[in-house]
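The values are calculated or read from the model by the stated rules, or taken from the named source; none is laboratory data. The shown structure was predicted, so the numbers you read here are calculated from the model rather than taken from an experiment. Virtual Cβ from ideal backbone geometry, glycine too; neighbours counted across all protein chains shown.
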Amino acid sequence: MPNDAIELLTAEHDKMRKLFQAFEESGDGTTKKRGEVVQQIVQALTAHSYIEEQCMYPATRMMLPDLEADVLQAFEEHHLVDVLCFELAGMTQQDENFDAKAMVLITTTLQHIEEEEQVFFPAVREGLTAEQLQDLGKQLAEIRRKAPTTPTQPRVLKGA
């Protein structure tokens, strides 16, 4: 198990990248495999977004107020991912725009992951102590055990 919050979230990012690769390798068209992979992606992203929004982002806002703009942007990016997950959960791989919507979800998520890993996580690691990061990691792991995997109707964001 990862030791701190950043290691835990990065490990989840790696799992998502593998799911995205599985989608791309499943081939074009309306294959059953493709639909199953998208279902796994939606479940993984729903749980991942939940733990970041319930723990990582609020803690960062509180402990590192200089990262407020980054956190607010991350909430907005999650909102877009939540909308796409909700829509995909209600579709089948036979729907005309299923593949296109899945690719938009993957592209959007990969961009978000890169921003987190290259900009946000290094700033958080620099601003928090190892102990704080370990405590956050424990909190994230606990929340992860209870995190939902089925997307719900995305809420309208009016300031996070």
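Annotations for the structure displayed:
- Single condition GLN139 does not satisfy, out of (1) surrounded by 12 or more Cβ atoms within 10 Å (Cβ to Cβ); (2) within 29 Å of LYS32 (Cα to Cα): (2)
- Residue check for PHE98: over 14 Å from the mean Cα position of the chain (by Cα) and among the aromatic types (Phe, Trp, Tyr): yes
- Set side by side, the residues ALA59, ALA47, ALA89 differ, and just one is touching a residue at least 12 places away in the same chain (Cβ under 8 Å), surrounded by fewer than 16 Cβ atoms within 10 Å (Cβ to Cβ) and within 24 Å of ARG145 (Cβ to Cβ), which is ALA89.
- Odd one out for ALA100, checked against (1) crowded, with 18+ Cβ neighbours inside 10 Å; (2) out of contact with any Ser or Thr (no Cβ under 6 Å at 6 or more places or on another chain): (1)
- Test: residue in the stretch 27-42 that is touching a Gly at 6+ places or on another chain (Cβ under 6 Å) and either surrounded by fewer than 19 Cβ atoms within 10 Å (Cβ to Cβ) or among the hydrophobic types (A, V, I, L, M, F, W, C) (or both): no
Let's see how each residue does on (1) within 15 Å of MET56 (Cα to Cα); (2) surrounded by 14 or more Cβ atoms within 10 Å (Cβ to Cβ); (3) at pLDDT 95 or above; (4) in contact with an Asp or Glu (Cβ under 7 Å, 6 or more places away or on another chain):
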site: HIS78; (1), (2), (3), (4): yes, yes, no, yes
site: LEU105; (1), (2), (3), (4): no, yes, yes, no
site: ILE113; (1), (2), (3), (4): yes, yes, yes, no
site: GLU117; (1), (2), (3), (4): yes, yes, yes, no
site: GLU131; (1), (2), (3), (4): yes, no, yes, no
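- Criterion violated by GLN54 - all others in (1) under 17 Å from LEU110 (Cα atoms); (2) touching a residue at least 12 places away in the same chain (Cβ under 8 Å) satisfied: (1)
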